Structure formats: C-alpha cells, structure tokens
Amino acid sequence: MKEKSIEDAALFAAMVAGKQGWVLNPDEEFRRVLIEGLTANWNRYGYFLCPCRDTENSREADADVVCPCKYSWGDVAERGHCFCALFLSKSFAASGAEPSGIPDRRGL
Ligand code: SF4
C-alpha cells in the first residue's frame, strides 16, 4: 500500500471540510499535529483512523472512527466541532470561540 505524506493527509482533510461544508481548525499548530496523526495512522493501519482515538485492531472494528467518523456530523452540528476539533462548523469558526473538550460519543 502506498504511504501517504503529510501533504496527502492535509489535502484529504481539506477535501472533507469542503465536501461537508465545514472548515478546518484555524490554529495551524493544532491542525498540524492532527494531520500528522492522520498521516501516521494511514501509514500504520492503512486507513485514516481518527488521530484522537485508539484502534480496536481491525478495520471493521474501527469503521466508526475512520475520518470523517460517524460521530462527526452530530458533533459539528451540536457542539460546533468534531471530537478532535479538526473540523469546525462555519458558524462556530466565525464566532471565534475556542473548541472545548467534548465527550466521545463512541463510548456513549
Ligand atoms: S473526530 Fe472524527 S471527524 Fe474529527 S478528526 Fe477524528 S475522525 Fe476525523
């Protein structure tokens, strides 16, 4: 399987944001850490496992947390950002509010 670069993962995140009508976290350093996590996860597991969660050791078991995870739509709609805060709603971003820690719906 072809390895992905940081640029590949950054492009992927930008495409997800564009497709969903979200925006990327404007904090460049914060975003870089998450993009590096996505890149490392792809190269380790072969899919974009969420950079804020642990693997359950199979693609099937991780299906709900492959980015964009199945919880992201609800979190962006209700909390203004996804669990990792990589993706923000446009209105949340425009408000200038800081993303806060939100509960992981995965375990709920
Ligand atoms: S919380 Fe979901 S949408 Fe956000 S980076 Fe992780 S997998 Fe992607």
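The values are calculated or read from the model by the stated rules, or taken from the named source; none is laboratory data. Every value quoted in this text rests on a predicted model; they were computed, and no experiment measured them. Positions of Cβ are generated from backbone atoms using ideal geometry, with glycine treated the same way; all protein chains shown enter the neighbour counts. Each accessible area value is taken on the protein alone, full model and side chains, heavy atoms only, with ligands, DNA and RNA left out. Shrake-Rupley method; radii C 1.70, N 1.55, O 1.52, S 1.80 Å.
Points worth noting:
- Helices of the chain meeting both criteria, an alpha-carbon length of 15 angstrom or more along the long axis and an average Kyte-Doolittle score not below -0.5, with helices taken as full DSSP H segments, are 6-20.
- Protection-proxy order for peptides 73-79, 90-96, 7-13, each taking the mean of Cβ atoms within 10 Å per residue, highest first: 7-13, 73-79, 90-96
- Rg/Rh (Cα only; Kirkwood hydrodynamic radius) as it applies to the range 1-101: 0.96
- Scanning the chain for cysteines with no neighbouring cysteine C-beta under 4.7 angstrom from their C-beta gives CYS50, CYS67, CYS69, CYS82.
- Accessible surface of the chain [probe 1.4 Å, protein heavy atoms]: carbon and sulfur percent: 53 percent
- Highest mobility in the GNM of the chain, judged by mean-square fluctuation with C-alpha springs under 10 Å and restricted to PRO51, PRO68, PRO26, is found for PRO26.
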